[in-house]
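Trainee: Can you read through this structure? Questions will come right after.
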Amino acid sequence: MTNEEILKKIREMSASEKRNLSHEELIVVMSGMTPKEIIELSNIVGYPVFTRLCMGEQLKHKFVLLQDGAAAIIVNKKGEILLQSRSDNDLWGLPGGCQDLGEKFTDTVIREVKEETNLDVAEEDLELIDIVSGLCRMHSYPNGDVVINNTALYCIRHYSGEIKWDAESKDLRFFSLDKLPQNQLDADLIERYMLYETMSTNNLGR
């Protein structure tokens with residue numbers, strides 16, 4: 001089987017089947033692949049899952065993974081922000097996710113917003129708020145994974161499309177900043193956005 005055929009076969013697997021690829025299978029598959037093919041394999045499986053699988057069974061939930069990604073503060077005309085009720089932990093968080101290998105942060109946030117909200121965003125409508133990093137971005141998943149995220153945080157005020165959500169979410173809803181839900185996943189990012197808005201308002205008032 002050629003590498004192209006192997007990648008096609010893995011691409012056609014379900015998410016569960018990809019997560020259950022064994023370390024030994026990856027050794028065989030990757031031994032004859034070029035770096036570009038390995039990047040493609042990583043993006044098919046999903047970078048965090050792929051990294052865990054490469055570590056083998058004994059270490060994959062022990063190693064604290066550094067993840068790069070992007071998140072979006074999507075603002076409607078009322079000044080409310082869009083939050084998603086996540087299906088994996090019952091917390092309200094921002095649309096966003098991990099960067100694929102070789103992907104720009106702008107492409108990451110546009111892709112994730114489309115996947116998680118069905119909204120279309122143009123690159124010229126992205127406002128970079130900040131790159132948020134450090135222990136405030138440490139997160140534990142139900143399966144035992146622990147990650148620290150480096151997050152490119154964007155503000156999006158112009159978008160198109162009808163809001164719909166995928167299996168990662170139970171609900172998508174706009175919230176006023178003074179009536180945010182208590183069970184938040186990204187409180188630090190929202191605080192950074194509120195500071196950004198305050199500074200922008202102050203600068204305009206000078």
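The values are calculated or read from the model by the stated rules, or taken from the named source; none is laboratory data. Just so it is clear, the structure is predicted and the values come from calculations on it, not from any experiment. Every residue, glycine among them, receives a Cβ derived from its backbone with ideal geometry; neighbour counts consider all protein chains shown.
Trainee: Of all the residues that make up the stretch 162-179, how many are surrounded by 12 or more Cβ atoms within 10 Å (Cβ to Cβ) and among the hydroxyl-bearing types (Ser, Thr, Tyr)?
Mentor: Summing the residues that are surrounded by 12 or more Cβ atoms within 10 Å (Cβ to Cβ) and among the hydroxyl-bearing types (Ser, Thr, Tyr) in the stretch 162-179 gives 1.
Trainee: Right, here's the next one. Go through (1) out of contact with any Asp or Glu (no Cβ under 7 Å at 6 or more places or on another chain); (2) of a type in the set (A, V, I, L, M, F, W, C); (3) farther than 14 Å from Gly93 by Cα; (4) modelled with pLDDT of 95 or more for Cys155 and report which single condition fails.
Mentor: So Cys155 meets the others, but not (1).
Trainee: Can I ask one more? Being among the aliphatic types (A, V, I, L, M) and more than 23 Å from Ala122 (Cβ to Cβ) narrows it down to one residue among Leu153, Leu172, Leu189, Leu185; which is it?
Mentor: Residue meeting the stated conditions: Leu185.
Trainee: Does Phe50 satisfy being part of a loop (DSSP other than H, G, I, E, B) and of a type in the set (Phe, Trp, Tyr)?
Mentor: Spelling it out, it is not the case that Phe50 is part of a loop (DSSP other than H, G, I, E, B) and of a type in the set (Phe, Trp, Tyr).
Trainee: While we're looking at this one, here's another question. Does Arg11 satisfy being outside the structural domain of Ala187 (by TED's automatic domain parsing) and touching a residue at least 24 places away in the same chain (Cβ under 8 Å)? Spell out how you get there, then give the answer.
Mentor: Numbers: outside the structural domain of Ala187 (by TED's automatic domain parsing): yes; touching a residue at least 24 places away in the same chain (Cβ under 8 Å): yes.
So Arg11 fits the description; yes.
Trainee: Scanning the stretch 51-106 for residues that are without any contact (Cβ under 8 Å) to a residue 60 or more places away in the chain and aromatic (Phe, Trp, Tyr), which turns out surrounded by the most Cβ atoms within 10 Å (Cβ to Cβ)?
Mentor: Result: Phe105.
Trainee: Residues of the stretch 155-180 being over 16 Å from the mean Cα position of the chain (by Cα), acidic (Asp, Glu) and closer than 15 Å to Arg86 by Cβ, which ones?
Mentor: Matches in the stretch 155-180: Asp171 only.
Trainee: Might you check whether a residue that is in a helix (DSSP H, G or I), buried (at least 16 other Cβ atoms within 10 Å of the Cβ) and touching a helix residue (DSSP H, G or I) at 6+ places or on another chain (Cβ under 8 Å) occurs anywhere in the stretch 12-26?
Mentor: yes
Trainee: What's the number of the only condition in (1) part of a strand (DSSP E or B); (2) hydrophobic (A, V, I, L, M, F, W, C); (3) over 19 Å from Lys77 (Cβ atoms) that Ala167 fails to meet?
Mentor: Checking Ala167 against (1) part of a strand (DSSP E or B); (2) hydrophobic (A, V, I, L, M, F, W, C); (3) over 19 Å from Lys77 (Cβ atoms), the one that fails is (1).
Trainee: Still on this model: Somewhere in the stretch 154-161, is a residue touching a Ser or Thr at 6+ places or on another chain (Cβ under 7 Å) and surrounded by 13 or more Cβ atoms within 10 Å (Cβ to Cβ)?
Mentor: no
Trainee: Filter the stretch 189-206 down to residues that are in a helix (DSSP H, G or I), charged (D, E, K, R) and either in contact with an Asp or Glu (Cβ under 9 Å, 6 or more places away or on another chain) or surrounded by fewer than 15 Cβ atoms within 10 Å (Cβ to Cβ) (or both), then give me how many there are.
Mentor: Number satisfying all stated conditions: 2.
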